[in-house]
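Worksheet for the structure shown next.
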Amino acid sequence: MFALSITNISSSGFAVTGFPGLENYYTWISIPFSIIYMTVFLGNCMVLHVIRTEPSLHQPMFYFLAMLALTDLCMGLSTMPTVLGVLWGFVQEVSLDSCIAQSYFIHGLSFMESSVLLAMSFDRYIAICNPLRYSSILTNEKIRQIGVAVLCRSSMLIPPVIIRLKFLTYCRPHVLSHSFCLHQDLIRMACSDIRFNSIYGLALVISNLLLDAVLILVSYVMILHTVLSIASQEERIKSLQTCVSHISAVLVFYIPIIGLTMVHRFGKHLSPLVHVLMGNTYILFPPLMNPIIYSIKTQQIRVRIQGLFSMKGA
């Protein structure tokens, strides 16, 4: 079935790989993926609803959490049509324009999530290292400015490298290695000069993901230094507990990225199925886990969600 879909693709389209070797099980594979996408959608919508409707949660930390939930929601929606379309059998190829658009949203949302996690680390740094000035530093206006900066940084730096994809010549087999479009997949199929895409893409990764990771690490070194200077052990634990959710979200985001990078870099001998699974983990694991992490680890969110379900059950 997959070989047939490759031979029948148009000259301007790209065949989506799906899950190589498991084509006969797509109906069964679609069940867990449908559940995952539904959980991503409902979980992040619930977090957004709780923060919007509960006045006591209108605080800087929860505003940043709302940004994270919105980013995760969009990330899930950006890949759902092609992934489920492949599994349900009505998507065999995507056009170049659709592929470029999807690539823009996937990479842009990844950079946005990294930026939001950096902003959340700044929030935790101010809350623990300078608590008396927390409300005066993180005002509503300042949070709006941070939100606009995150949006601009994530959306305005990517177009040069994404638009360039439109003008490349694709002479190699038009077969994507995932069920969705990634920049590195498209330039792999190009026979034009891709030096700009390679250099600019690497610069984006360094100036966004890598720099954000370093700054988050620095913020936690400073937080740890402040916490260790607190005399009371109980206060130390209480301070660190406010960071557990954010640290978990950072790990959930960066570990799949590192894993996917290692697979692409050193795993060329691995089965294509491994690449596909790592790609889906990179896309879906953070949006799936973040609502669960914050629902369990953040008391204010947990209590409001429990109250929401108890009202429905009453």
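When you check SER154 against the structure, is it within 23 Å of CYS45 (Cβ to Cβ) and either touching a residue at least 24 places away in the same chain (Cβ under 8 Å) or aromatic (Phe, Trp, Tyr) (or both), yes or no? The answer is yes for SER154.
How about the stretch 99-130: which of its residues are assigned to a helix (DSSP H, G or I) and either charged (D, E, K, R) or without any contact (Cβ under 8 Å) to a residue 12 or more places away in the chain (or both)?
First, pick out the residues of the stretch 99-130 that are assigned to a helix (DSSP H, G or I): 99-129.
Matches in the stretch 99-130: ALA101, GLU113, ASP123, ARG124.
Matching residues to (1) in a helix (DSSP H, G or I); (2) of a type outside the set (A, V, I, L, M, F, W, C); (3) over 24 Å from the mean Cα position of the chain (by Cα):
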position: ILE216; (1), (2), (3): yes, no, no
position: GLU235; (1), (2), (3): yes, yes, yes
position: HIS246; (1), (2), (3): yes, yes, no
position: VAL250; (1), (2), (3): yes, no, no
position: TYR254; (1), (2), (3): yes, yes, no
position: LEU260; (1), (2), (3): yes, no, no
position: LEU270; (1), (2), (3): no, no, yes
position: VAL276; (1), (2), (3): yes, no, no
position: TYR282; (1), (2), (3): yes, yes, no
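Pick from the stretch 217-233 the residues that are free of Cβ contacts under 8 Å to residues at least 40 places away in the same chain and surrounded by 14 or more Cβ atoms within 10 Å (Cβ to Cβ): which of them is farthest from SER248 (Cα to Cα)?
Step one: filter the stretch 217-233 for residues free of Cβ contacts under 8 Å to residues at least 40 places away in the same chain, giving 217-218, 221, 224-225, 228-233.
Checking which are surrounded by 14 or more Cβ atoms within 10 Å (Cβ to Cβ) leaves us with 224, 230.
Values: LEU224: 16, ILE230: 23 Å.
If we take residues in the stretch 217-233 being free of Cβ contacts under 8 Å to residues at least 40 places away in the same chain and surrounded by 14 or more Cβ atoms within 10 Å (Cβ to Cβ), then ILE230 is farthest from SER248 (Cα to Cα).
Checked against (1) surrounded by 15 or more Cβ atoms within 10 Å (Cβ to Cβ); (2) out of contact with any strand residue (DSSP E or B) (no Cβ under 9 Å at 6 or more places or on another chain); (3) modelled with pLDDT of 90 or more, ALA149 passes all but a single condition, namely (1). PHE180 passes every criterion in (1) of a type outside the set (S, T, N, Q); (2) within 19 Å of CYS99 (Cα to Cα); (3) part of a helix (DSSP H, G or I) apart from (3). Taking every residue in the stretch 164-177 that is free of Cβ contacts under 8 Å to residues at least 60 places away in the same chain and pairing it with any residue that is of a type in the set (S, T, N, Q) and surrounded by fewer than 18 Cβ atoms within 10 Å (Cβ to Cβ), at least 6 positions away or on another chain, the pairs with Cβ-Cβ distances below 7 Å are LEU168/SER192; THR169/SER192. Residue pairs whose Cβ atoms lie under 8 Å apart, sitting 6 or more positions apart in sequence or on different chains, and linking a residue in the stretch 265-281 that is among the small types (Gly, Ala, Ser) to a partner that is part of a helix (DSSP H, G or I), are GLY267/VAL274; GLY267/HIS275; GLY279/LEU260.
Would a scan of the stretch 131-139 turn up a residue that is crowded, with 18+ Cβ neighbours inside 10 Å and not in a helix (DSSP H, G or I)? Step through it out loud before you land on a result.
First, pick out the residues of the stretch 131-139 that are crowded, with 18+ Cβ neighbours inside 10 Å: 138.
Next, only the ones that are not in a helix (DSSP H, G or I) stay: 138.
The answer is yes; a qualifying residue exists.
Cβ-Cβ below 8 Å, separation at least six or inter-chain, first residue in the stretch 34-50 and in contact (Cβ under 8 Å) with a residue 24 or more places away in the chain, second in a helix (DSSP H, G or I) and aromatic (Phe, Trp, Tyr): which pairs? From the stretch 34-50, the pairs are VAL47/TYR294.
Tell me, yes or no, whether the stretch 51-59 has at least one residue that is among the β-branched types (Val, Ile, Thr), in contact with a Ser or Thr (Cβ under 9 Å, 6 or more places away or on another chain) and in a helix (DSSP H, G or I). Within the stretch 51-59, none of the residues are among the β-branched types (Val, Ile, Thr), in contact with a Ser or Thr (Cβ under 9 Å, 6 or more places away or on another chain) and in a helix (DSSP H, G or I). The single condition among (1) under 24 Å from VAL263 (Cα atoms); (2) among the aromatic types (Phe, Trp, Tyr); (3) not in a helix (DSSP H, G or I) that PHE90 does not meet is (1). Only one entry of ARG153, ARG195 meets the criterion of being among the charged types (D, E, K, R) and more than 19 Å from the chain's Cα centre (by Cα), and that entry is ARG195. The C-beta contact set for the stretch 7-18 (first residue assigned to a loop (DSSP other than H, G, I, E, B), second residue at pLDDT below 50, distance under 7 angstrom, 6+ apart or interchain) comprises GLY18/PHE2.
Go through the stretch 152-172 residue by residue and tally those that are assigned to a loop (DSSP other than H, G, I, E, B) and loosely packed, with under 11 Cβ neighbours inside 10 Å. Working first, answer last.
Narrowing the stretch 152-172 to residues assigned to a loop (DSSP other than H, G, I, E, B): 157-158, 168-169, 171-172.
Applying the additional criterion that residues be loosely packed, with under 11 Cβ neighbours inside 10 Å yields 169, 171-172.
Here the count works out to 3.
The values are calculated or read from the model by the stated rules, or taken from the named source; none is laboratory data. On a predicted model such as this, the values are computed, not experimentally measured, just so you know. Using ideal geometry, Cβ is built from the backbone for each residue, glycine included, and neighbour counts are taken over all protein chains shown.
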